[in-house]
Amino acid sequence: MFRRGFLPNVGNLLAFEATARHGSVSRAAEELNLTQSAVSRQIQQLEESLGVSLFSRSRQRVVLTDVGRLYASQVRSTLSELSDATHQAIALSGTTGVLNLATLPTFGTRWLIPRIPGFFAQNPGATVNFGVRLVPFDFATEPFDAAIHFGEPHWPGAVCELLRTEEAVPVCSPAYRERENLHAPQDLARATLLQQSTRPTAWGEWFASVDVEVSNPLRGPRFEQFAMVAQAAAAGLGAALIPHFLIADELASGRLEILFANSLVSGGAYYLVYPEHKAETPLLRSFRDWILDQTRQG
């Protein structure tokens with residue numbers, strides 16, 4: 001029947017996948033809480049429905065055939081997707097909709113998530129699932145409805161809504177400023193420069209904007225996320241260039257202070273990005289309107 005288009009029994013697939021993964025019927029039986037004979041019978045049923053041998057058997061050992069090895073990989077992926085889909089279906093019980101959002105780590109943790117209760121207040125029963133993506137991706141192959149993107153408004157097949165520009169300010173801890181006697185922009189030429197790996201030219205551009213020559217503006221430890229740069233600066237490891245809106249808490253508490261009024265406006269900006277065909281999806285439309293309103297408020 002399967003060869004005429006029907007799917008195999010899920011229990012048989014589970015028995016096959018576990019045996020393929022462990023290379024042992026007994027260990028698969030232990031994992032599935034079945035007897036060895038039951039697992040062997042399920043694998044035999046699967047092989048008969050497929051009309052191929054998935055394992056070669058030698059005494060007590062089972063070894064995947066070439067066909068079995070390929071099938072095991074595909075079955076494992078399918079079972080994983082089925083498990084995720086089932087989990088999501090259960091999780092959505094009682095909700096009015098779900099939005100899967102890819103965001104930049106520091107933007108998400110420091111700006112978006114503290115404000116998201118306001119979105120839920122306007123959309124009771126909605127669910128937002130957060131993931132992290134640092135570079136553009138294909139919405140057709142990733143499980144996201146929208147993304148927060150930094151850079152240029154170029155994303156094939158997607159709409160890019162401008163959220164905000166990025167204005168970075170030079171900051172450090174009060175203790176570091178006093179220890180290094182940082183009183184003028186040229187004093188930063190001898191300071192430890194904390195680097196954000198996705199903004200490698202930032203310090204060079206800032207020094208050029210204040211007419212200070214530095215032999216190597218790329219020197220200093222590198223960090224992948226602005227949150228890590230902020231923590232390092234607050235710990236007194238050096239001076240950093242960080243977008244003002246991402247360090248509001250540190251500035252308010254005094255853990256960081258702005259060294260000089262000279263800021264650096266990045267050439268890129270933050271965008272809400274979503275596929276064109278999802279533009280009128282109700283929950284995405286509500287989220288778009290809400291986040292655009294939030295960015296207008298600062």
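Against the conditions (1) under 30 Å from GLU257 (Cβ atoms); (2) of a type in the set (Val, Ile, Thr); (3) assigned to a strand (DSSP E or B), THR198 satisfies every one except (3). Go through the stretch 18-47 and give me each residue that's of a type in the set (D, E, K, R) and either farther than 19 Å from GLN74 by Cβ or at pLDDT 95 or above (or both). Those that are of a type in the set (D, E, K, R) and either farther than 19 Å from GLN74 by Cβ or at pLDDT 95 or above (or both): ARG27, GLU30, GLU31, ARG41. Within this structure, ALA239 fails the test of being under 23 Å from the mean Cα position of the chain (by Cα), among the small types (Gly, Ala, Ser), surrounded by 15 or more Cβ atoms within 10 Å (Cβ to Cβ) and assigned by TED's automatic domain parsing to the domain that holds PHE287.
Answer with yes or no whether ALA230 is within 16 Å of LEU104 (Cβ to Cβ) and assigned to a helix (DSSP H, G or I).
yes
So which residues in the stretch 42-68 are without any contact (Cβ under 8 Å) to a residue 12 or more places away in the chain and farther than 14 Å from SER24 by Cα, if there are any at all?
GLN44, GLU47, GLU48, ASP66
Of all residues in the stretch 278-297, those being small (Gly, Ala, Ser) and either outside the structural domain of PHE119 (by TED's automatic domain parsing) or assigned to a helix (DSSP H, G or I) (or both) number 1. Of the residues making up the stretch 29-70, those that are in a helix (DSSP H, G or I), touching a Phe, Trp or Tyr at 6+ places or on another chain (Cβ under 8 Å) and of a type in the set (S, T, N, Q) number 2.
Looking for whichever is modelled with pLDDT under 95 and touching a Cys at 6+ places or on another chain (Cβ under 6 Å) here; the options are PRO136, PRO153, PRO143, PRO124. Which one fits?
PRO153
Within the stretch 116-167, the only residue that satisfies the criterion of being basic (Lys, Arg) and either loosely packed, with under 13 Cβ neighbours inside 10 Å or part of a strand (DSSP E or B) (or both) is ARG164.
Just so you know, in the stretch 264-277 the residues that are out of contact with any Phe, Trp or Tyr (no Cβ under 6 Å at 6 or more places or on another chain), surrounded by fewer than 16 Cβ atoms within 10 Å (Cβ to Cβ) and not β-branched (Val, Ile, Thr) include one that is nearest to GLY97 (Cα to Cα), and it is HIS277. When each of ARG190, ARG219, ARG199 is tested for being modelled with pLDDT under 95, out of contact with any Pro (no Cβ under 7 Å at 6 or more places or on another chain), surrounded by 19 or more Cβ atoms within 10 Å (Cβ to Cβ) and among the basic types (Lys, Arg), the lone residue that passes is ARG199. Is there a residue being at pLDDT 90 or above, surrounded by fewer than 16 Cβ atoms within 10 Å (Cβ to Cβ) and outside any helix (DSSP H, G or I) anywhere in the stretch 71-91? Scanning the stretch 71-91, I find no residue that is at pLDDT 90 or above, surrounded by fewer than 16 Cβ atoms within 10 Å (Cβ to Cβ) and outside any helix (DSSP H, G or I), so the answer is no.
Residue-wise test of (1) under 16 Å from LEU272 (Cα atoms); (2) touching a Gly at 6+ places or on another chain (Cβ under 9 Å).
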| residue | (1), (2) |
| --- | --- |
| ALA102 | yes, yes |
| PRO105 | yes, no |
| TRP111 | yes, no |
| GLY118 | no, no |
| VAL128 | yes, no |
| ARG133 | yes, no |
| ALA140 | no, yes |
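The one condition from (1) within 21 Å of the chain's Cα centre (by Cα); (2) at positive phi that GLY220 does not meet is (1). Within the stretch 14-32, residues that are assigned by TED's automatic domain parsing to the domain that holds VAL62 reach partners that are of a type in the set (D, E, K, R) and assigned to a helix (DSSP H, G or I) with beta carbons closer than 7 Å, at six or more positions or on different chains, in the pairs GLU17/ARG76; ALA18/GLU31.
The values are calculated or read from the model by the stated rules, or taken from the named source; none is laboratory data. These figures come from a predicted structure and were not determined experimentally. Cβ sites come from the backbone with ideal geometry, for glycine too, and all protein chains shown count toward neighbours.
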